[in-house]
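The structure appears below as structure tokens.
The values are calculated or read from the model by the stated rules, or taken from the named source; none is laboratory data. These figures come from a predicted structure and were not determined experimentally. Every residue, glycine among them, receives a Cβ derived from its backbone with ideal geometry; neighbour counts consider all protein chains shown.
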Amino acid sequence: MDPVEATRNEERDTSYDLAADLKDPTKFTFIEMWEDRAAIDSHSATPHFQDFGEGAGPLFAGPLNIALYRRVI
């Protein structure tokens, strides 16, 4: 199973998308929605998350920018 499908199948994943920047098509952003912080922590410990980080690392032009938000509306 690919990492996107595996993540979308996680029980507490409510949304998981990859978006391309409209001004710079070489920039991408994963937009993920999780039920709570515990779900994020659980996801971060999964083999498919760990494997993706190790395998995709050389594809990144620089360090990842990870930001956590809470839904307001």
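Do you know which residues across region 29-40 are within 14 Å of Ala67 (Cα to Cα) and out of contact with any Phe, Trp or Tyr (no Cβ under 8 Å at 6 or more places or on another chain)?
Matches in region 29-40: Thr29, Trp34, Arg37.
Could you list all residues from region 1-48 that are more than 24 Å from Ala61 (Cα to Cα) and among the aromatic types (Phe, Trp, Tyr)?
Answer for region 1-48, where residues must be more than 24 Å from Ala61 (Cα to Cα) and among the aromatic types (Phe, Trp, Tyr): just Trp34.
Suppose we keep only residues that are among the polar types (S, T, N, Q) and loosely packed, with under 10 Cβ neighbours inside 10 Å within region 19-73. Which one would you say is farthest from Ala6 (Cα to Cα)?
The selected residue is Thr26.
With more than 14 Å from the chain's Cα centre (by Cα), in a loop (DSSP other than H, G, I, E, B) and at pLDDT below 95 as the only criterion, which of Ala67, Ala61 stands out?
Among Ala67, Ala61, only Ala61 is more than 14 Å from the chain's Cα centre (by Cα), in a loop (DSSP other than H, G, I, E, B) and at pLDDT below 95.
Determine whether Ala38 is assigned to a strand (DSSP E or B) and either farther than 24 Å from Val72 by Cβ or hydrophobic (A, V, I, L, M, F, W, C) (or both).
no
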